[in-house]
Structure formats: structure tokens, C-alpha cells
Amino acid sequence: MIPEKNTTNTTEKFQLNDIGFRLVLIPFFGIAVPLLTNMIKSNELGHWELKLAYGYTIIIALIIWQGNRYLLFSLRSYFNWFNKPIRKIIALLFAVSFFTIPASSIMLVGWYQVFQGGNVDWQVIRTATLIIMICVLFITHVYETVFLVKESENEMLKNEQLERAKAEAELQALKNQVDPHFMFNSLNTLSYLIDESPLKAKEFNEHLADVYRYILQNNTRDLVMVQEEVLFLQDYFSLQKIRYGDAVVLKIVLPPEIMECIMPPISLQILAENAFKHNEFNIHNPLEITVYFEKEKIFVHNRLTKKTNSKTPSKLGLLNLQERYKLTTSLNIEVVEGKDSFIVSLPVLKID
């Protein structure tokens, strides 16, 4: 019964370039085996007969090698080392044995017919066949090892590609969460201003279009310049100034060289939004957000005055930022919450 063909583990996955390997070893075995068995006696053959005798044994080595190579490659379509290792071993042993032993014996007898006038030395044939069989098993092991290594590399590459695709899908899902979250809060603010101050609502709406344009433009990007993020933060803060006036203060203290570094987009804005959402502030006790740089990181600090009688914060925005940072840069952000302060540090990457 022929086993079901395994379409997931065939030689079609990769081409094995063993031409150099065969060009060296086939003549080597074709000459070495007769020398080891003393099958060819140089003192009994003339110059050209000696060359033809070794040419014949090299042809034997070629046929044995190519025949077993064909069997090996054919069996790979039906048996898998990972799924059926025992069947693979049994099939290989039977296949190479049933081909190598009869084929070697017949061709060696043919050599004696041509070069020794039919005077067959069966002891030499048995010894030579045994040596050939051992060599075939060794070469088969070498082939299988090469294929196994290549399959392992291929599997590792496939897993890496799957992990990358998964990470990209997760990152895109996290990016998609940013838009609705920002728009929900902005529309709430706009709704409040329409009732309180229609003129401010109009101004807010104009600034909101500029801010949202930045989100749309950078939603597909993994990293942006720090300078772009700072400008976006300032634009976002101008929206909050329209609503809260002097109750909010933004201080940015960053050296010029940091502006050329890169970081995930919409990072600083999320931290500012987080501060607005979870703190109480007014014109007499303003919320001050400070952005500064230390030790290859940007720090965002705000005074902590938690809102009273409010639900436990979900911290979805902060968790979103943490996951995006990890997926994009393989770095982690750090959050330090003190008694009266809240600090988040964001690593930045330098452009080589």
C-alpha cells in the first residue's frame, strides 16, 4: 500500500545544489572501493585496461549514487522526519538495500566478465558490496541531515514570518483604537463648547481638523520624528486651551538634537490626554504637563490630583501605548506614580 503523499514536506521547497559534492565523491568511491578490496590488480592489467577498469568502477559508483539519490528524493514526498520518523527509517533502509545490494553485485560480476574473463571472485564482490552499502548509508545520512537542517531553517523562517504578521496585525488593531478614542473625547469637548461658547466651538472645530489630519497621516506609520510628535502635542494642547484656558499649562524642555530622533506616533498626545482625563484642575490649581529629556528618554510629568467620586480608571490609553511601543521598538515605557506626581518615560531611537 502506497502511503499518502505528504505535500507539506517535499524537495520542491528548496533545491539542493550537490553537484560539486557528487563530482568529487563519485570518482573517489569508484577508485577507493576497488583499492580497499584489491579487486583491480595493476600488475595484471595493461595501461589502458587499468584506466578502463577504474572507469567501469566509477560508472558503478555513479549508478549506485544516482539511483539511491533518486530513491531518497522520491521517498521525501511520502515520509516526514517530524511526523513519521520510524516509517522514514524503515523505508530508507529497505529502499537503499533492495537497490544497492543487487545492483552492486550485478555490475561487479559484469566487471569480472569484462576484465577477468568471467573468473568471478565472490569474496571480493561480497566485501565490495558491503563497503558500498556502508558508504550509501553514510551518504544517505548526510543528505538527510542537510535536508533536516534546511527544513528546520525553513520552519523557523515561517514561524518568524507568522509572528511578524501577528505583531503587525496587533499593532494595526492598537492603532485603530487610537482614532475612536481621540474622536470620542474631542466630540464630547466640542459638544460642551457648542452650549457654552459657540465662538470657541467654531475655533475648536477648525483646530480639530488639523489635529485629526495628523492622526490620519500617521496611522500607517510605525515611527515618526520627535519633532513631529512635539508639534502635534502643541496642536492638541491648543484645543485644550480653547476649553480650559489658563487651567492647563504645557512646558516642553527638549534639546534640539532630540528632535531628530524617532518614536511611535501619537505617544505624547495620549499621555497629555491621560492627564486631562484623570486629574482635577482649575484656573486656581492648574494642570501643568512638563515634557523633558534625560538618559535617552523623554519624560512626561504631571501633577497628580485624582478626580474624586470617579470610576476606577481603565488605563486603556496607557496600555495601548505600552503595547504599541513594545511591538514597534521592542522597548518598554516606564510608569512611575507617586503621591502627587505621575511620570511616564518614553525611550527614543536615534537614526543611524
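Picking from residues in region 236-253 that are touching a helix residue (DSSP H, G or I) at 6+ places or on another chain (Cβ under 8 Å) and surrounded by fewer than 17 Cβ atoms within 10 Å (Cβ to Cβ), the one that is modelled with the highest pLDDT is 252.
In this structure, does residue 216 turn out to be at pLDDT below 80 and under 19 Å from residue 283 (Cβ atoms)? It is false that residue 216 is at pLDDT below 80 and under 19 Å from residue 283 (Cβ atoms). Considering region 29-47, the residues that are part of a helix (DSSP H, G or I) and modelled with pLDDT under 85 include one that is nearest to residue 100 (Cα to Cα), namely 42. For region 250-283, filtering for residues that are free of Cβ contacts under 8 Å to residues at least 60 places away in the same chain, of a type in the set (Val, Ile, Thr) and out of contact with any Phe, Trp or Tyr (no Cβ under 6 Å at 6 or more places or on another chain) leaves 2. The residue pairs whose first member lies in region 102-123 and is touching a residue at least 12 places away in the same chain (Cβ under 8 Å) and basic (Lys, Arg), whose second member is part of a helix (DSSP H, G or I) and surrounded by 13 or more Cβ atoms within 10 Å (Cβ to Cβ), and whose beta carbons are closer than 9 Å, counting only pairs six or more residues apart or on different chains, do not exist in this structure. Can you find even one residue in region 329-341 that is buried (at least 18 other Cβ atoms within 10 Å of the Cβ), in contact (Cβ under 8 Å) with a residue 12 or more places away in the chain and touching a strand residue (DSSP E or B) at 6+ places or on another chain (Cβ under 8 Å)? Yes, because at least one residue in region 329-341 is buried (at least 18 other Cβ atoms within 10 Å of the Cβ), in contact (Cβ under 8 Å) with a residue 12 or more places away in the chain and touching a strand residue (DSSP E or B) at 6+ places or on another chain (Cβ under 8 Å).
Of all residues in region 322-338, those satisfying the criterion of being within 30 Å of residue 280 (Cβ to Cβ) and at pLDDT 85 or above are 322, 325, 332, 333, 334, 335, 336, 337, 338. Per the conditions (1) closer than 19 Å to residue 26 by Cα; (2) of a type in the set (A, V, I, L, M); (3) within 37 Å of the chain's Cα centre (by Cα), the sole criterion not satisfied by residue 58 is (3).
Is it the case, given these coordinates, that residue 74 is crowded, with 16+ Cβ neighbours inside 10 Å, assigned to a helix (DSSP H, G or I) and not aliphatic (A, V, I, L, M)?
no
Can you find even one residue in region 78-89 that is surrounded by 13 or more Cβ atoms within 10 Å (Cβ to Cβ), farther than 15 Å from residue 40 by Cβ, at pLDDT 85 or above and among the β-branched types (Val, Ile, Thr)? No, that holds for no residue. Filtering region 254-309 to residues that are open to solvent by 20 Å² or more (accessible area, probe 1.4 Å), under 23 Å from residue 189 (Cα atoms) and acidic (Asp, Glu) leaves 280, 288.
The values are calculated or read from the model by the stated rules, or taken from the named source; none is laboratory data. Just so it is clear, the structure is predicted and the values come from calculations on it, not from any experiment. Because the Cβ atoms are built from the backbone with ideal geometry, glycine has one as well, and the counts that use them run over all protein chains shown. The area values use the complete protein model at the heavy-atom level, side chains included, leaving out ligands, DNA and RNA. Shrake-Rupley method; radii C 1.70, N 1.55, O 1.52, S 1.80 Å.
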